[in-house]
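Engineer: I have a structure I would like to understand better, so I am pasting it below and will then ask my questions one at a time.
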Amino acid sequence: MNSFDPGIAACGLFCGSCRKFRKGSCPGCHDNEKAVWCKVRFCCRENGWQSCAECTLVPLDACGKFNNFIAGVFQVVFRSDRRGCIARIREVGNEAFAAEMRLAGSYNRPVKRK
C-alpha cells in the first residue's frame with residue numbers, strides 16, 4: 001500500500017495544488033465530511049484506501065462508482081483526467097505522484113515524465 005497523502009483525492013485528483021485546499025478553506029476529499037454524496041470517497045474510506053489506485057475489487061473501467069454520470073460531468077467541466085491520475089499513482093506511487101503534481105502546479109491532469 002502507498003503512503004497516505006491528504007492532497008490526493010479518492011478519485012486520484014490532486015487537491016494539493018488547489019488554492020482553497022492550500023489556504024485551508026477546503027479540507028480536501030478525505031476530511032470533507034460534507035462530501036457524503038461521493039461514492040468513490042465512501043468506497044475508499046470503507047476499504048482503507050488512499051485512492052482508487054489501490055483497489056483490486058473490480059477493474060477501473062468496470063467500476064460504477066468511479067464511472068458515474070456526475071464524474072463524467074466533472075471531467076468535462078474541469079477538464080480533468082482522473083483515470084490518468086489513477087494510472088500514474090499506480091505507476092509511481094502516492095509520494096512521487098504528489099511531488100510531480102506539486103512541481104507542475106496541476107491538480108486535474110497527471111504529469112507525464114519522459
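Every read-out reported here was derived from the displayed coordinates using simple, explicitly stated rules and does not represent laboratory data. Since the model is a prediction, treat every value here as computed from it, not as a measurement. Neighbour counts run over all protein chains shown; Cβ positions are idealised from the backbone, glycine included.
Engineer: Within the range 79-89, which residues are surrounded by fewer than 17 Cβ atoms within 10 Å (Cβ to Cβ), part of a helix (DSSP H, G or I) and of a type outside the set (A, V, I, L, M, F, W, C)?
Structural biologist: Listed by number, the list holds a single entry, GLY84.
Engineer: Right, here's the next one. Cβ contacts < 6 Å: first residue in contact (Cβ under 8 Å) with a residue 40 or more places away in the chain, restricted to the range 88-102; second residue among the charged types (D, E, K, R) and assigned to a helix (DSSP H, G or I), any location; separation 6+ or different chain. Result?
Structural biologist: PHE97/ARG88
Engineer: Please go through the range 36-54 and pick out each residue that is over 25 Å from ALA104 (Cβ atoms) and not in a helix (DSSP H, G or I).
Structural biologist: First pass over the range 36-54, keeping only residues over 25 Å from ALA104 (Cβ atoms): 36-37, 39, 42-43, 45-48.
Across the range 36-54, the qualifying residues are VAL36, TRP37, GLY48.
Engineer: Would you check if there is a residue in the range 29-45 being surrounded by fewer than 13 Cβ atoms within 10 Å (Cβ to Cβ), in contact (Cβ under 8 Å) with a residue 24 or more places away in the chain and on the phi > 0 side of the Ramachandran plot?
Structural biologist: Among the residues of the range 29-45, not one is surrounded by fewer than 13 Cβ atoms within 10 Å (Cβ to Cβ), in contact (Cβ under 8 Å) with a residue 24 or more places away in the chain and on the phi > 0 side of the Ramachandran plot, which makes the answer no.
Engineer: Search the range 65-76 for residues being part of a loop (DSSP other than H, G, I, E, B) and touching a residue at least 12 places away in the same chain (Cβ under 8 Å), and hand back the single one that is surrounded by the most Cβ atoms within 10 Å (Cβ to Cβ).
Structural biologist: Taking the range 65-76 and keeping what is part of a loop (DSSP other than H, G, I, E, B), we get 65-68.
Next, from what is left, pick out any that are touching a residue at least 12 places away in the same chain (Cβ under 8 Å): 65-66, 68.
Numbers: LYS65: 19, PHE66: 22, ASN68: 14.
Only one residue fits best here, namely PHE66.
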